[in-house]
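> This structure is in structure tokens; I'll ask about it shortly.
The values are calculated or read from the model by the stated rules, or taken from the named source; none is laboratory data. Given the structure is predicted, the values throughout are model-derived calculations rather than measurements. Neighbour counts are summed over all protein chains in view; Cβ atoms, including those assigned to glycine, are modelled from backbone coordinates with ideal geometry.
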Amino acid sequence: MSGTNDYAVRRRRMVQEQIAARGIRDQRLLAAMSDIPRHLFMDQALWPRAYEDHPLPIGSGQTISQPYMVAVMTDALGLSGGERVLEIGTGSGYQTAILARLADWVYSIEYIAALSRRAQTVLEQLKIFNVNLMVGDGSKGWPEQAPFDAIIVTAGAPVVPQPLVGQLADGGRLVVPVGDRGVQTLFRITRRGEELVREDLGGCRFVDLVGEYGW
Ligand code: SAM
């Protein structure tokens, strides 16, 4: 059985070899990923594999994303500390924890109640309190809390969910995988007044975004 210190060593290695070595430079993001104990967001049987370079199952047919993908998506949001962030797909809560370290407040929506409950428990254990979790259809966003400076969708959508675009603040960024089931392109959409700037950030693979504006 590994001790806390072993996991800290594995985390530092994960950050160096899988994230910094692939070009992520944001020091706040690298520090957050070095600090936050990713293994606690999955079943204990998976702890020995928690820092491997791929997604892992979290139950209910869902996954905790690959560490590098968490880093790429978070980096694309360009967080500097004061933002209100909306996350669609809480899953294990790991990405939520990273966002909570880098922004002012995180709103996160998960479709599957059992996953949201477990994520809430781990976030409380880690004393991460600048988050609001909700169970529901995140493809519609969270209109009561809009606008958001950054929105991240951690499941693959058939098209960009329009309610999310509508809930972006001026200058806000939406990072979302869009495409076919099982293979998508990661897009960043930035609102500049009435104009929307769309950038292609490369290929990715996510589980389905379900709900009204999903599959
Ligand atoms: N960010 C997560 C993590 O770090 O563990 C990974 C999330 S997993 C790849 C995608 C999640 O999106 C799943 O938990 C799934 O249930 C959720 N999901 C899919 N469609 C959704 C929707 N319409 N609203 C909210 N959550 C949704």
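> Please find, among Ala97, Ala76, the residue that is under 14 Å from the mean Cα position of the chain (by Cα), away from the ligand (no atom under 13 Å from the Cβ) and crowded, with 18+ Cβ neighbours inside 10 Å.
Checking each option against the conditions leaves just Ala76.
> Could you check, for the range 100-113, whether at least one of its residues is of a type in the set (Ser, Thr, Tyr), within 13 Å of the ligand (Cβ to nearest atom), without any contact (Cβ under 8 Å) to a residue 40 or more places away in the chain and assigned to a helix (DSSP H, G or I)?
Scanning the range 100-113, I find no residue that is of a type in the set (Ser, Thr, Tyr), within 13 Å of the ligand (Cβ to nearest atom), without any contact (Cβ under 8 Å) to a residue 40 or more places away in the chain and assigned to a helix (DSSP H, G or I), so the answer is no.
> So which of Met69, Met42 ends up being in contact with a Cys (Cβ under 9 Å, 6 or more places away or on another chain), buried (at least 18 other Cβ atoms within 10 Å of the Cβ) and at pLDDT 95 or above?
Met69
> What's the total number of residues in the range 161-184 that are loosely packed, with under 15 Cβ neighbours inside 10 Å and either assigned to a strand (DSSP E or B) or not charged (D, E, K, R) (or both)?
Residues of the range 161-184 that are loosely packed, with under 15 Cβ neighbours inside 10 Å, as a first pass: 162, 166, 170-171, 180-183.
Next, from what is left, pick out any that are either assigned to a strand (DSSP E or B) or not charged (D, E, K, R) (or both): 162, 166, 170-171, 180, 182-183.
Count: 7.
> Criterion first (among the small types (Gly, Ala, Ser), outside any loop (DSSP other than H, G, I, E, B) and within 11 Å of the ligand (Cβ to nearest atom)) does Ser139 satisfy it?
Answer is yes for this residue.
> I would also like to ask the following. Checking the condition buried (at least 24 other Cβ atoms within 10 Å of the Cβ) and more than 19 Å from Ala32 (Cα to Cα), which residue from Gly91, Gly61, Gly138 passes?
Every option except Gly138 fails the conditions.
> Here is a follow-up. Looking at the structure I just gave you, is Thr90 over 22 Å from Arg28 (Cβ atoms), in contact with a Leu (Cβ under 9 Å, 6 or more places away or on another chain), touching a residue at least 12 places away in the same chain (Cβ under 8 Å) and within 10 Å of the ligand (Cβ to nearest atom)? Give the steps one after another, and end with the answer.
Details: over 22 Å from Arg28 (Cβ atoms): no; in contact with a Leu (Cβ under 9 Å, 6 or more places away or on another chain): yes; touching a residue at least 12 places away in the same chain (Cβ under 8 Å): yes; within 10 Å of the ligand (Cβ to nearest atom): yes.
In short, no.
Here's the yes/no breakdown for (1) farther than 15 Å from Tyr107 by Cβ; (2) modelled with pLDDT of 95 or more; (3) of a type outside the set (Asp, Glu):
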| site | (1), (2), (3) |
| --- | --- |
| Lys140 | no, yes, yes |
| Glu144 | no, yes, no |
| Phe148 | no, yes, yes |
| Ala157 | yes, yes, yes |
| Pro177 | yes, yes, yes |
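> Sticking with this structure for a sec: With the condition kept exactly as written, say whether any residue in the range 152-162 is over 17 Å from Arg198 (Cα atoms) and in contact with a strand residue (DSSP E or B) (Cβ under 8 Å, 6 or more places away or on another chain).
yes
> Sticking with this one: Residues in the range 116-128 that are without any contact (Cβ under 8 Å) to a residue 60 or more places away in the chain and touching a Gly at 6+ places or on another chain (Cβ under 6 Å): how many?
1
> Do you know which residues across the range 1-32 are surrounded by 10 or more Cβ atoms within 10 Å (Cβ to Cβ) and basic (Lys, Arg)?
Passing the criteria: Arg10, Arg11, Arg12, Arg13, Arg22, Arg28.
> How many residues does the range 30-67 contain that are in a helix (DSSP H, G or I), among the aromatic types (Phe, Trp, Tyr) and in contact with a His (Cβ under 9 Å, 6 or more places away or on another chain)?
Going residue by residue through the range 30-67, those that are in a helix (DSSP H, G or I) are 30-35, 38-41, 44-49, 67.
Retained after the next criterion (residues that are among the aromatic types (Phe, Trp, Tyr)): 41, 47.
With the extra rule that they be in contact with a His (Cβ under 9 Å, 6 or more places away or on another chain), the set shrinks to 47.
Matching residues across the range 30-67 total 1.
> Next question, about the same structure. Would you please name the residue that is farthest from the ligand (Cβ to nearest atom), looking only at residues in the range 169-215 that are basic (Lys, Arg) and closer than 27 Å to Arg22 by Cα? Can you show your working first?
Within the range 169-215, the subset basic (Lys, Arg) is 173, 181, 188, 191-192, 198, 205.
Now drop any that are not closer than 27 Å to Arg22 by Cα, which leaves 173, 181, 188, 198, 205.
Details: Arg173: 17, Arg181: 12, Arg188: 17, Arg198: 21, Arg205: 10 Å.
Top of the filtered list is Arg198.
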